[in-house]
Amino acid sequence: MRLFEQHQHRKIRSLEGTWDFQMQDGEHAGKHYLLPVPGCWEMHPDLLNYRGKGTYRKVIVTEREAHLRFLFQGVSHTAEVYFDGKYVTRHYNAYTAFDALIKGVSPGTHTLEVRVDNGFHEASSLHMHNDYYTYGGIIRSVEVQELEDAYIERLEFVPSKHEGLWQAEIKAVVINLSDQKKTFRLQGQGAGESLDFEGKELRPHEKAVIIGKFTFPEAKAWIHESPNLYHIKLKLSDDQGNLVDDLTERVGFRIITTHRGRIQVNDQDIVLRGFNRHEDHGIFGASFPLSAMAHDLDLMKEMGCNSVRTSHYPNDPLFLDLCDERGFYVWEENHARGLNIEQMRNPNFIQQCEDVNREMVEQHYNHPSIIIWAILNECASNTEEGRVHYKRQLEQIRELDDSRPLTFASHHRDRELCFDLADIVSFNLYPGWYGPEDPGELCDAARRWADEAGGFGKPMIMSEFGADAVYGYRHMTRVKGTEERQADIIEQNLIAYEKREFVSGMYIWQFCDCRVTEEEVGPLWRITTQNLKGVVDTYRRPKLAFETVKQMWNRDDKR
Ligand code: ADA
């Protein structure tokens, strides 16, 4: 499930494999399939366009009595979990993890059932017809864990530096599953140090946070050029000294700041160069095997990128693990794209955003690669009513994590009302594509708009620019739609932004072509029902712009 072993004591079993599947509606309703998990159901020829409900089933055999915790990394987009026919839990949003805990399961044969819905209706305020595709199914990995009477739900590692020495606060969330009051002790090791926490008494079923502060004299910083990673291994014991659980996290020592209108990692100014990337692939849909994720990062590295934006939702933790290992800087954002104020009035919007924000930050807290949290891409931040949501969500995230700067990508130009709320101002503008503007002039105008609307002194990122090109369509006319025109537009944008010292980051829209929903597209706007602004197509075949970016970002004289 991850690129490092998280448990040596806790028993875990992967549930990857084939699961029984039946769709609820349509001409194949009721027919049994054996579908791969993880996987998108659109990968099966009978289900290429299926939007609706379907049920996955798996037989689980247990050898001894235990509390079972099923951990789902992503089900798209709504899951209802049943165990032996009884309802256990429900989760909305394809792009964050959730668990289903069943206490005291007796040995024997059991059935796990996951009812999945990827339909578009009022109950779903974030997944809808859009300029990307909401696939269906259990799209990320699943495992089952056997728990004893207490477990470490998660830990947060918060690095800081004092008088040249790395320190960190470690906060562990511990849950007592038993009916008795018990004192638990946490001990561990990491980055050459022993980690000893105070004992803590927990009431029956109580969830508590155990905190310790430690100094790590041997630790080396995590930074793009040398992404040093360390394992923090924690063990939980009860009053009798019996080991009841363990958890390992992989962390890095680094501090992100925004001073003097620039972004710093460990006090060094950085310039972010990279792509917006949808988790979408012509063969795998949104359900990536590790090798395909690694390949995407290899291609980006080849083009000289140091960063990636997870537009427009939290990404698979395996992808983030790869970014940690390769020193990629990640802008991770919550799930929303282009919602107008009417859509933001959906009665589920507030709660569903709050959930995805909390899950994103708590679940991905320890990835050193994530250096920016973002919210609500291109939503109604140009209205007073929209501003209330931006303010609330930015405050929520700041409360969960005040160690990373916050931003949101805006296309409202001089009508933006929320720049004062963010730490970094970010613009989605498409000079040369949607309009004939000059990228340099537009970028200067954007700086002025930000300065006049609460963004003065804040770093600025060009968070989207680019152009559509049909893979293989080359023509001397260089008209719109050709690979030549796309390469020209990207080159002109990059030349303009590279020159401007006040630009702290540039994310090309986009890395790969992606599927969009048919309802979203006018006949010419999204030809082939894809957003074709990828510099590689959906099967990762490079277009001409690939070479252009590679030339630009591998130059020695870039700032
Ligand atoms: C927007 C949006 C992207 C994509 C892009 C485009 O800026 O954030 O999701 O739709 O436009 O291709 O037009």
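Once each part is reduced to its C-alpha centroid, what is the distance from the stretch 22-73 to the stretch 141-166 in angstrom?
With the stretch 22-73 and the stretch 141-166 each reduced to a Cα centre, they are spaced 31 Å.
I'd like the Karplus ³J(HN,Hα) series for the stretch 88-94: coefficients 6.51, -1.76, 1.60, θ = phi - 60°, whole numbers in Hz, and an x wherever there's a Gly or Pro.
Rounded to whole hertz, the list is 10, 7, 9, 8, 10, 3, 5.
Name the residue from H129, M460, T96 whose Cα lies farthest towards the positive end of the charge dipole of the chain, charges +1 on Cβ of Lys and Arg and -1 on Cβ of Asp and Glu.
M460
Would you please classify the overall shape of the stretch 150-251 from the alpha carbon gyration tensor, given that a ≥ b ≥ c denote the square roots of the eigenvalues, rounded means a/c under 1.5, and beyond that prolate means a/b larger than b/c while oblate covers the rest? Before the final figure, lay out each step's value.
Values: a/c = 2.55, a/b = 2.37, b/c = 1.08.
Here the stretch 150-251 falls in the prolate category.
Compute the angle between helix 483-499 and the longest alpha-carbon principal axis of the chain, please, reported from 0 to 90 degrees and rounded to the nearest 10.
Taking the Cα atoms of the chain, the angle to 483-499 is about 80 degrees.
Helix 544-553 versus the longest principal axis of the chain: what angle, 0 to 90°, nearest 10, using Cα atoms?
Once rounded, one gets 80 degrees.
Across the stretch 112-117, in residue order, what do the Karplus-derived ³J(HN,Hα) couplings come to in whole Hz, using 6.51 cos²θ - 1.76 cosθ + 1.60 with θ = phi - 60° and x for Gly and Pro?
Karplus values, whole Hz, x for Gly and Pro: 9, 10, 10, 8, 10, 9.
Would you pull out the residues with amide H under 5 Å of V105's amide H, same chain only if 5 or more places away, H placed 1.01 Å from N?
Result for V105 returns A66, H67, L68.
Search the structure for amide H atoms under 5 Å from the amide H of E153, placed 1.01 Å from N in the peptide plane, and list their residues when 5 or more places away or on another chain.
V173, V174, I175
Computing the accessible area with a 1.4 Å probe over protein heavy atoms, can you report the carbon and sulfur percentage for the stretch 289-440?
Values: 2170 of 4600 Å².
Its accessible area is 47 percent carbon and sulfur atoms.
Identify all lysines with a Cα-Cα distance to K558 below 21 Å; exclude those on the same chain that are fewer than 8 residues away in sequence.
Excluding near neighbours in sequence, the set is K301, K499, K550.
Where both partners of a DSSP beta bridge lie in the stretch 455-559, what percent of those bridges are antiparallel, to the nearest 5?
Working: 3 of 8 bridges.
Within the stretch 455-559, antiparallel bridges account for around 40 percent of the total.
Please name which of M344, M506, L524 has its Cα lying farthest along the dipole of the stretch 256-553 towards the positive end, using unit charges on Cβ (Lys, Arg +1; Asp, Glu -1) and the Cα centre as origin.
Looking along the dipole axis, the top candidate is L524.
According to a simple spin-label model (label point 7 Å from Cα along Cα-to-Cβ), what is the distance in nm between K11 and D556?
Between D556 and K11, the label points sit 6.0 nm apart.
Taking the convex hull of the Cα atoms, report for the stretch 249-311 its projected area averaged over all directions, in nm². If you can, show how the numbers build up before the last one.
Values: hull surface 23.8 nm².
Mean projected area of the Cα convex hull: 5.9 nm².
Using alpha-carbon pairs under 8 Å, 6+ residues apart, how would you state the relative contact order of the chain in percent?
Details: 1360 pairs, mean separation 68.6, N = 559.
Dividing the mean separation by the residue count of the chain yields 12 percent.
Report the GluC sites (Glu not before Pro) located in the stretch 38-140 that are in a DSSP loop and have at most 15 other Cβ atoms inside 10 Å of their Cβ, or state none.
Details: sites: E42, E63, E65, E80, E113, E122; in loops: E63, E65, E122.
Taking the stretch 38-140 and a limit of 15 other Cβ atoms within 10 Å, the loop GluC sites (Glu not before Pro) found are E63, E65, E122.
For the chain, what does -39500 (n - 2.57) per DSSP helix run (n ≥ 4), summed and divided by total residues, give at 222 nm, in deg cm²/dmol to the nearest 500? List each step's numbers first, then the result.
Details: 8 runs with 99 residues, N = 559.
It lands at -5500 deg cm²/dmol.
Sort 206-219, 163-176 by packing, meaning the average of other beta carbons within 10 Å per residue, with the highest value first. Could the numbers behind the result be given before it?
Details: 206-219: 14.9, 163-176: 17.6.
The densest-packed peptide leads the list: 163-176, 206-219.
Fully extended, how many nm does the chain gain between T18 and V61 (0.36 nm per residue separation, minus their Cα-Cα distance)? Let's see the in-between values first.
Numbers: separation 43, 0.36 × 43 = 15.48 nm, distance 1.55 nm.
Extra length available between T18 and V61 comes to 13.9 nm.
Is the stretch 104-204 best put as rounded, prolate or oblate by its Cα gyration tensor, with a ≥ b ≥ c the root eigenvalues, rounded for a/c under 1.5, and otherwise prolate when a/b is larger than b/c, oblate when not?
Details: a/c = 2.79, a/b = 1.42, b/c = 1.97.
Here the stretch 104-204 falls in the oblate category.
What is the magnitude of the charge dipole of the stretch 11-146 about its Cα centre, with +1 placed on the Cβ of each Lys and Arg, -1 on the Cβ of each Asp and Glu, and no other charges, expressed in debye to the nearest 20?
Details: 14 positive and 17 negative charges, 71 e Å.
Here the size comes out at about 340 debye.
With the cut-off at 1.5 for a/c, could you classify the chain from its C-alpha gyration tensor as rounded, prolate or oblate? Intermediate results must be reported in sequence, preceding the final value.
Numbers: a/c = 1.85, a/b = 1.28, b/c = 1.45.
Judged from the Cα gyration tensor, the chain comes out oblate (a/c at least 1.5, b/c at or above a/b).
Let me check against my output: what whole-number percent is the relative contact order of the stretch 1-102, with C-alpha pairs under 8 Å and at least 6 apart? Display every interim value, and only then the final one.
Details: 129 pairs, mean separation 19.6, N = 102.
Relative contact order, the stretch 1-102: 19 percent.
If the only charges are +1 at each Lys and Arg Cβ and -1 at each Asp and Glu Cβ, what is the size of the charge dipole of the chain around the Cα centre, to the nearest 20 debye? Don't jump to the answer; show the numbers that get you there.
On the way: 67 positive and 88 negative charges, 70 e Å.
Roughly 340 debye for the chain.
Work out Dmax and Rg for the stretch 455-559 from the C-alpha atoms and quote the Rg first, both in angstrom.
14.9, 45
List the pairs from K11/K103; K200/K233; K213/K391; K480/K543; K181/K235 whose alpha-carbon separation is above 25 Å, in the order I gave them. Kindly include the intermediate steps, with their values, before the conclusion.
Numbers: K11/K103 15 Å; K200/K233 18 Å; K213/K391 31 Å; K480/K543 14 Å; K181/K235 19 Å.
Violating the 25 Å Cα-Cα cut-off are K213/K391.
Mind checking the angle between helix 317-326 and the chain's longest principal axis? C-alpha axes, 0 to 90 degrees, to the nearest 10.
It is inclined by approximately 70 degrees.
So how far apart, in nm, are the two label points at H231 and V479 if each is 7 Å from Cα heading toward Cβ?
5.9
Just to check I understand the Karplus step: with θ = phi - 60° and J = 6.51 cos²θ - 1.76 cosθ + 1.60, what whole-Hz values come out for the stretch 160-175, glycine and proline as x?
8, 10, 9, 6, x, 10, 6, 10, 7, 9, 10, 10, 10, 9, 10, 10
Put +1 on the Cβ of each Lys and Arg and -1 on the Cβ of each Asp and Glu in the stretch 11-146; which of T78, G17, L48 then has its Cα farthest toward the positive end of the dipole?
The Cα lying farthest towards the positive end belongs to G17.
Using the Cα centre of the stretch 1-83 as the reference point, and only Cβ charges (+1 on K/R, -1 on D/E), how large is the resulting charge dipole? Debye, rounded to the nearest 20.
Roughly 360 debye for the stretch 1-83.
For a quick check of understanding: with a 1.4 angstrom probe and all protein chains in place, what accessible area in square angstrom does W449 have, to the nearest ten?
50
Of all DSSP beta bridges in the chain, what percent run antiparallel (nearest 5)? Numbers along the way, then the final one.
On the way: 105 of 135 bridges.
Percentage antiparallel, nearest 5: 80.
So what is the relative contact order of the stretch 422-464, in percent, for Cα pairs below 8 Å that sit 6 or more residues apart?
On the way: 38 pairs, mean separation 27.6, N = 43.
Contact order relative to length: 64 percent.
The values are calculated or read from the model by the stated rules, or taken from the named source; none is laboratory data. On a predicted model such as this, the values are computed, not experimentally measured, just so you know. Cβ atoms come from the backbone with ideal geometry, glycine included; neighbour counts cover every protein chain shown. The area values use the complete protein model at the heavy-atom level, side chains included, leaving out ligands, DNA and RNA. Shrake-Rupley method; radii C 1.70, N 1.55, O 1.52, S 1.80 Å.
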